[in-house]
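Chemist: Would you mind keeping the following structure in view while I ask a few things?
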Amino acid sequence: MVKFATRALVAGAVALAIAGAAQAQEVKSATKYGNMNTVTQDLMNRSADDGNNFLHTNGNYQQTRFYPNKQINTANVSKLHPAWVFQTEVKDSLETSPIVVNGVMYVTTSFDHVYALNARTGEELWHYKQKLGPVSTYCCGPNNRGVAVYGDMVYLATLDAKLVALNAKTGAQVWSTDVADPELGYSETMAPTVINGKVLLGTNGGEYGIRGFVKAFDAKSGKLLWTFNTIPENSQGVWATTDATGRDMHRDIAAEKAAYAKNGDPYKTLGGGVWQNPSYDPATNRIFFVVGNPSPDLDGAVRPGDNLYTDSMVSIDLDTGKYSCHFQYIAHDVWDLDAVSPTVLVDVKDASGATVPGVLHAGKTGHIYVHNRKDCSLIRFSEAMVPQENMWVLPTKDGARMLPGANGGVEWSPIATDPSQGMAYAINLHQPMTYHVENAAYPSGKLWLGGAFKVIPTEEQWGNITAVNYNSGKIAWQVKTEQPMIGGILATAGGLVFTGEPNGTFEALDSATGAKLWSFQAGAGVNAPPSSYTVEGKQYVVVGAGGNAQIDAKRGNAIISFTVD
Amino acid sequence: MRIKSLIAATLAMAAVAAIAAPAARADDIEETAAVCSACHGEAGVPVDKSIPAIWGQNEGYLYLQLRDFKVGNRKNVNMSEIAAGMEKPVMKALAAYFSAKPWPNLQEPSAPHDVAVHAENINNSAGCKGCHLENWQGDSVTPRVGGQGIQYLRETMAQFRSGERANNPWMAALLKTYTDADIDALARYLAGY
């Protein structure tokens with residue numbers, strides 16, 4: 001997943017390192033489930049029905065981003081107003097998904113700061129700043145998308161490729177582990193996911209010639225438990241000539257096969273980052289995630305073959321990290337129209353109309369893909385949510401125009417779903433670009449795109465919010481936005497969806513019709529996924545307004561929580 | 001080579017000698033850094049317009065440039081020789097030392113409005129600030145380019161375009177898609193930022 005265009009990534013115990021942290025403070029408990037000062041596995045398992053907390057980056061292990069409380073609803077949302085605004089110390093890209101446990105909120109900022117806040121008042125409880133090493137090789141901005149909570153710890157993954165565990169009550173560092181070598185282009189911007197004592201983490205670096213992975217660490221000690229390489233040693237695949245939707249990708253298979261025979265498998269520097277959280281299916285104990293683009297992004301000549309498992313949805317076993325199944329959307333991608341937005345587990349109708357466990361993923365291509373969870377197979381793909389033109393024209397030296405541009409469609413932004421309506425909600429970009437190819441040797445951990453993506457300055461850019469019926473693939477409604485959309489969306493039982501725009505608009509729409517029911521001007525780009533939570537019987541909706549580096553949306557430093565009286 | 005004087009060449013030789021047996025200890029770093037100051041400036045203002053400011057530059061970037069000069073991914077008559085014998089800890093210590101210094105004011109004039117608009121349009125299409133960040137300050141391995149010397153900026157961008165500066169194929173590929181007039185506007189805009 002790249003994305004600069006408009007654009008164009010200590011083992012063992014470490015002493016406390018909370019620069020300038022506030023004193024730990026007593027936090028008032030407010031919950032209906034048991035002792036919530038510790039986040040139990042049971043609580044995590046039930047997070048989809050938890051009308052108080054927001055325990056996971058995408059709401060729950062299924063990643064539905066559906067919040068089950070309806071105190072704020074279509075009838076009263078017009079009265080929504082800020083309850084509090086918290087200013088962080090860092091005025092840069094905000095991509096954090098606020099996590100709320102028992103009245104305590106955890107948010108992160110660019111450059112890996114973590115704040116614990118009183119979720120009712122916005123008062124700061126503690127502040128942790130990661131001391132970053134000299135080399136952080138990140139793509140697309142100094143972002144962080146949030147923490148994971150589990151037991152009495154808070155987990156943060158850092159730009160310099162470390163995984164850090166903090167004491168949830170005090171913000172003190174408990175341990176820190178090296179995930180990978182940042183000098184080779186590895187970095188972390190995603191929130192970890194914790195399941196059954198395992199902290200799961202993917203990696204950025206698909207723009208730097210890494211070899212991608214998902215790793216599992218022991219939640220108590222930080223010890224590495226297993227590694228799943230997203231690039232197998234044999235990455236050639238089946239030499240597919242069409243994409244998931246059946247369109248010809250104009251591959252020169254004979255030339256690729258010759259290059260493969262001559263140079264061998266390119267797996268060592270083939271990319272395949274995993275930018276976003278896996279979903280988890282307790283029934284089969286499997287996780288589902290998507291793998292990003294091959295390296296270098298635009299130049300396929302140096303990486304013959306399908307480049308497995310790049311641009312794919314992959315399922316593996318939680319306990320062992322062993323492969324279960326995969327589905328590749330675009331073999332041998334040379335456009336960076338990869339797979340980034342997190343997977344969602346819902347029941348779906350298969351081709352025969354039977355209800356089966358499914359997996360959804362919204363692609364940069366602008367399609368929502370619907371899979372059968374059993375074998376990863378594709379059941380259907382939605383109508384395109386953005387214009388597609390000239391697909392799949394090959395990149396050229398002078399630039400070939402193709403839509404969507406390389407940010408999508410749907411970028412890393414998580415989708416939301418409302419299973420009661422069979423609906424998925426996605427935010428999209430429309431950014432016409434030209435794709436340029438330029439051959440370059442592997443530059444040892446430096447940016448390796450094999451060319452460039454360029455926004456066409458004379459063409460109009462915009463975005464949209466799209467509701468898709470995932471049982472039919474049809475678009476139910478669509479609302480155009482002034483600017484391309486990056487951030488995220490939340491659906492609630494109140495019949496609402498909440499999302500933000502780069503121009504600072506934060507808004508609530510009727511999830512059945514797309515009618516705009518409320519909006520607020522946050523003063524800086526709202527490019528972060530909203531969360532919702534309830535404290536002392538009152539529901540809130542919270543979002544970060546800090547703008548975005550990737551699309552250069554106006555920067556800010558506010559976490560804003562809204563409620564109705 | 002843009003430093004033509006014999007003096008510079010002599011300095012470079014002296015620098016190589018000084019760095020021949022370096023250690024990463026703090027006082028040794030001061031000593032080594034004094035050698036750098038002969039070109040990069042006592043107070044951070046370089047002695048020649050073709051020499052970049054390194055005071056206050058980002059730590060990861062400084063380290064990687066020294067590494068690249070050493071391994072030959074980036075070549076320069078003066079710097080290649082200076083970095084040739086340097087060990088990693090010395091490079092890291094120098095990077096930390098110079099990044100902690102204040103960024104110097106090179107007294108470059110602000111670009112006129114039309115030049116600024118021209119450069120901003122390029123930024124809008126290439127997303128320069130997606131990496132170089134707000135106010136062109138960069139971070140970690142991405143350099144600060146706002147307020148850098150105009151002549152150095154022009155020259156290094158020209159070297160990216162010609163392939164002479166080969167330590168970052170991305171910057172090279174990106175800048176190749178622009179015209180001389182574009183590069184000139186960028187250099188003037190960034191230097192005066």
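Quick note: the coordinates plus some simple rules give every number you see, no bench work behind them. The shown structure was predicted, so the numbers you read here are calculated from the model rather than taken from an experiment. Methodologically, a virtual Cβ is constructed for each residue, glycine included, from the backbone with ideal geometry; neighbour enumeration extends over all protein chains shown.
Chemist: Would you tell me the mean number of C-beta atoms belonging to other protein chains that fall within 10 Å of each C-beta in B:176-186, as a whole number?
Modeler: Per-residue shielding by partner chains comes out at 1.
Chemist: Another question, if that's okay. How do the peptides A:165-173, B:89-97, A:447-455 rank, highest first, by the average count of neighbouring beta carbon atoms within 10 Å per residue?
Modeler: Output ranking for A:165-173, B:89-97, A:447-455: A:447-455, A:165-173, B:89-97.
Chemist: Arranged by the count of other C-beta atoms within 10 angstrom, fewest first, what order do A:His56, A:His332, B:His113 take?
Modeler: Least to most surrounded, the residues fall as B:His113, A:His332, A:His56.
Chemist: Summing -39500 (n - 2.57) over the DSSP H runs of n ≥ 4 in the protein assembly as shown and dividing by its residue number, what mean residue ellipticity at 222 nm do you reach, to the nearest 500 deg cm²/dmol?
Modeler: Working: 12 runs with 130 residues, N = 758.
Rounded to the nearest 500, it is -5000 deg cm²/dmol.
Chemist: Per residue of A:438-448, what is the mean number of Cβ atoms on other protein chains within 10 angstrom of that residue's Cβ?
Modeler: Per residue, the average neighbour count from other chains is 5.
Chemist: At 7 Å along the Cα-to-beta-carbon direction for both A:Ala515 and A:Asn503, put a label point, then send me their distance in nm to one decimal.
Modeler: The two pseudo-label positions are separated by 2.2 nm.
Chemist: Among the lysines, which have Cα under 18 Å from the Cα of A:Lys220 when same-chain residues fewer than 8 positions away are ignored?
Modeler: Once the sequence-local lysines are set aside, what remains near A:Lys220 is A:Lys162, A:Lys169, A:Lys198.
Chemist: Also: Rounded to the nearest 0.05, what FRET efficiency do B:Glu81 and B:His113 give with R0 = 35 Å and r taken as the Cβ-Cβ distance? Could you check?
Modeler: Taking R0 as 35 Å, the efficiency between B:Glu81 and B:His113 is 0.25.
Chemist: Enter the mean number of other protein chain beta carbons within 10 Å of the beta carbon of each residue in B:64-72, as an integer.
Modeler: Per residue, the average neighbour count from other chains is 2.
Chemist: So, one more: Just add up the charged neighbours of A:Asp418: K/R +1, D/E -1, any other residue whose Cβ is under 15 Å from the Cβ of A:Asp418. All intermediate terms of the calculation are to be shown ahead of the outcome.
Modeler: Values: positive: A:Arg65, A:Lys70; negative: A:Asp49, A:Asp347, A:Asp510.
Charge balance near A:Asp418 sits at -1.
Chemist: Still on this model: Enumerate the amide H contacts of A:Tyr67 below 5 Å, restricted to partners 5 or more residues apart or on another chain; note that Pro and chain-start residues carry no placed amide H.
Modeler: A:Ala491, A:Thr492, A:Ala493
Chemist: What's the percent breakdown of Cα-Cα distances in segment B:113-191 across 5 Å bins, shortest bin first?
Modeler: Cα pair-distance distribution for segment B:113-191, in percent: 3, 16, 26, 33, 18, 3, 0.
Chemist: So how long is each side of chain A along the principal axes, counting just the alpha-carbon atoms, biggest first, in Å?
Modeler: So the extents along the principal axes, rounded to whole Å, are 66, 53, 47.
Chemist: By a straight-distance test (C-alpha under 20 Å), which lysines pair with A:Lys538 as possible cross-link partners, with residues fewer than eight away in the same chain excluded?
Modeler: Excluding near neighbours in sequence, the set is A:Lys28, A:Lys32, A:Lys70, A:Lys79.
Chemist: What FRET efficiency, computed as 1/(1 + (r/R0)^6) with R0 = 25 Å and r the Cβ-Cβ distance, is obtained for A:Ala301 and B:Thr179, rounded to the nearest 0.05?
Modeler: E(calc), rounded to 0.05, equals 0.40.
Chemist: Could you compute the net charge surrounding A:Gln130? Neighbours are other residues with a C-beta less than 14 Å from the C-beta of A:Gln130; K and R count +1, D and E count -1.
Modeler: On the way: positive: A:Lys129, A:Lys131, A:Lys162; negative: A:Glu89, A:Asp112, A:Asp160, A:Asp178, A:Glu188, B:Asp139.
Around A:Gln130, the surrounding residues sum to -3.
Chemist: Rounded to whole Hz and in sequence order, give me ³J(HN,Hα) for segment B:133-140 from the Karplus expression 6.51 cos²θ - 1.76 cosθ + 1.60, θ = phi - 60°, writing x for Gly and Pro.
Modeler: Per residue, the Karplus-derived 3J(HN,Hα) values read 6, 3, 6, 6, 8, x, 6, 6 Hz.
Chemist: Then there's this: Report the FRET efficiency, 1/(1 + (r/R0)^6), for A:Ser324 and A:Trp462, where r is their Cβ-Cβ distance and R0 is 51 Å, rounded to 0.05. Kindly include the intermediate steps, with their values, before the conclusion.
Modeler: Values: r = 39 Å, r/R0 = 0.76.
Taking R0 as 51 Å, the efficiency between A:Ser324 and A:Trp462 is 0.85.
Chemist: How much net charge surrounds B:Arg67 when only the other residues with a Cβ under 10 Å from the Cβ of B:Arg67 are counted, with Lys and Arg +1 and Asp and Glu -1?
Modeler: Within the 10 Å Cβ shell, the charges total +2.
Chemist: Taking the Cα centre of each part, how many Å lie between segment A:427-446 and segment A:145-216?
Modeler: Their Cα centres are 26 Å away from one another.
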